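Data block below; observations after.
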Amino acid sequence: MTRHGGKGFTLIEVLVALTIVALSGAVVYGALTTAFGSWSAGLVAGRRGQVAQIALDRISRQLKSTVPSTVKQNNRVVAAFDGDGDSVRFVTTAPAGGAPLAVVSYSVESGSEGKRFVYREYPWPDKDFWEPKEPWTEEEVPEIVDLAFVFRKAESDLAAEGGAGGEPGEEWKAGQSRDVPAEVEITIVVDGQGPPEDRSLKSIIPV
């Protein structure tokens, strides 16, 4: 059968055209899926980075508002400031709960579902600074999966040890001084892919 002056399409031409349209649609869909996936991942990474910055800002503000209080431990008068590699607890005039004065703590604790970042507030003055009871406030931040602290000695500690003073020293330890640390180095690691150094936020805070 032949066409008589018409401009219609044969079945083969229609099938070829539909195949081209289908392939083009698949390519466009794949490109859009990749773009939206990247955009979504960027939003998630941005949120986690923002959460880490908010946490760092709060810790910084509270550390700068530390109250140089003292407590007794093993018959010694020492600073009411407790900290190790992955936790810190101190007295501040800038608690998040609105009280004028409180003991606050930050820690990363291991549980059945992995590590969890926990913030707590306790009343002050409190006779049990070293073993506090139930907190006023407790918050968890699932985006933060690790936390690290480095504490450096104050000038008075260095002078007492015979040092020249000036720059803060290393290895401040809780329960061994009447003075709080001169500065605290903080590293916050958020959840996500890639090595911890690519997901971390670090700052040195003067106390």
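Worth pointing out:
- Per the listing GLN62, GLN50, the residue uniquely within 17 Å of the chain's Cα centre (by Cα), open to solvent by 100 Å² or more (accessible area, probe 1.4 Å) and at pLDDT 85 or above is GLN50.
- Looking only at residues of region 98-117 that are among the polar types (S, T, N, Q) and assigned to a strand (DSSP E or B), we find that the one that is nearest to TRP130 (Cα to Cα) is SER105.
- Inspection of region 156-166 finds no residue satisfying the criterion of being surrounded by 12 or more Cβ atoms within 10 Å (Cβ to Cβ) and at pLDDT 85 or above.
- Scanning region 188-204 for residues that are at negative phi and either touching a helix residue (DSSP H, G or I) at 6+ places or on another chain (Cβ under 7 Å) or of a type in the set (A, V, I, L, M) (or both) yields ILE188, VAL189, VAL190, ASP191, LEU201, SER203, ILE204.
- Subset of region 58-97 [among the small types (Gly, Ala, Ser), over 16 Å from THR187 (Cα atoms) and either part of a loop (DSSP other than H, G, I, E, B) or touching a Pro at 6+ places or on another chain (Cβ under 6 Å) (or both)]: SER65, SER69, ALA80, ALA94, ALA96, GLY97
- The set of residues in region 118-144 being part of a strand (DSSP E or B), of a type in the set (A, V, I, L, M, F, W, C) and closer than 24 Å to GLY175 by Cβ consists of VAL118 alone.
- Odd one out for MET1 among (1) of a type in the set (A, V, I, L, M); (2) open to solvent by 70 Å² or more (accessible area, probe 1.4 Å); (3) modelled with pLDDT of 65 or more: (3)
- Top-ranked residue of region 180-207 - restricted to ones that are polar (S, T, N, Q) and modelled with pLDDT under 90, ranked as least open to solvent (accessible area, probe 1.4 Å): SER200
The values are calculated or read from the model by the stated rules, or taken from the named source; none is laboratory data. No experiment lies behind these values; they were computed from the predicted model shown. When we count neighbours, we look across all protein chains shown, and the Cβ atoms used for this are built from the backbone with ideal geometry, even at glycine. Heads up: the accessible areas ignore ligands, DNA and RNA and are worked out on the full protein's heavy atoms, side chains in. Shrake-Rupley method; radii C 1.70, N 1.55, O 1.52, S 1.80 Å.
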